[in-house]
Amino acid sequence: MSGFQSHMAAALEEARAAGARGEVPVGAVVVTPEGRIAARAGNRTRELADPTAHAEILALRAACAAAGSERLPGHDLYVTLEPCPMCAAAISFARIARLYYGAEDPKSGGVAHGARVFSHPQCHHVPEVYDGIGAREASALLAGFFRDRRG
């Protein structure tokens, strides 16, 4: 990938902000084909009392609104944690070109674990998937958050 620039640092910023709000620290960033950040979000499920307010969903909604379209062809999504099945389906529906994620999620993931949404024949669009980007920091944020909650 010539000229590749990771935007995981921005997703990690969103994750840290989510954690500071008392949300599970997951952040997501949608990047345009030109390399500009179109939208960014962190988890807000508790704040919005909405089980669908995952970072990926909120970032996809904002990017679609900005683009005036329900699809984002050519766009990339950076997320600090392997997307759950709901988010993986939304990523497919949005026609995201490339998905970059940090920490894997053996318990609730939907890409490399669990439902493996992109491998189903019903999945009409499969993005390129790159895992492990910023995984160490993303994993540490999550581990610290849950350790502090357990007290």
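Just a few scattered comments:
- When only Cα pairs below 8 angstrom with a gap of at least 6 residues are kept, the stretch 37-151 shows a relative contact order of 21 percent.
- The candidates 58, 99, arranged from most to least accessible area with a 1.4 Å probe in the full protein assembly, appear as 58, 99.
- Note on residue 5 and residue 62: with the Förster distance fixed at 25 Å, the Cβ-Cβ geometry gives a FRET efficiency of about 0.75.
- In the context of the full set of protein chains, the chain has a per residue accessible area of 50 Å² (1.4 Å probe).
- Tilt relative to the chain, helix 8-20 - C-alpha long axis, 0 to 90 degrees, to 10: 40
- Pairs of Cα atoms nearer than 8 Å and 6+ residues apart set the relative contact order; for the stretch 8-70 it is 27 percent.
- Whole-percent carbon and sulfur share, accessible surface of the chain, 1.4 Å: 53
The values are calculated or read from the model by the stated rules, or taken from the named source; none is laboratory data. Keep in mind it's a predicted model, so treat the numbers as computed, not measured. When we count neighbours, we look across all protein chains shown, and the Cβ atoms used for this are built from the backbone with ideal geometry, even at glycine. Side chains included, ligands, DNA and RNA excluded: accessible areas come from the protein's heavy atoms. Shrake-Rupley method; radii C 1.70, N 1.55, O 1.52, S 1.80 Å.
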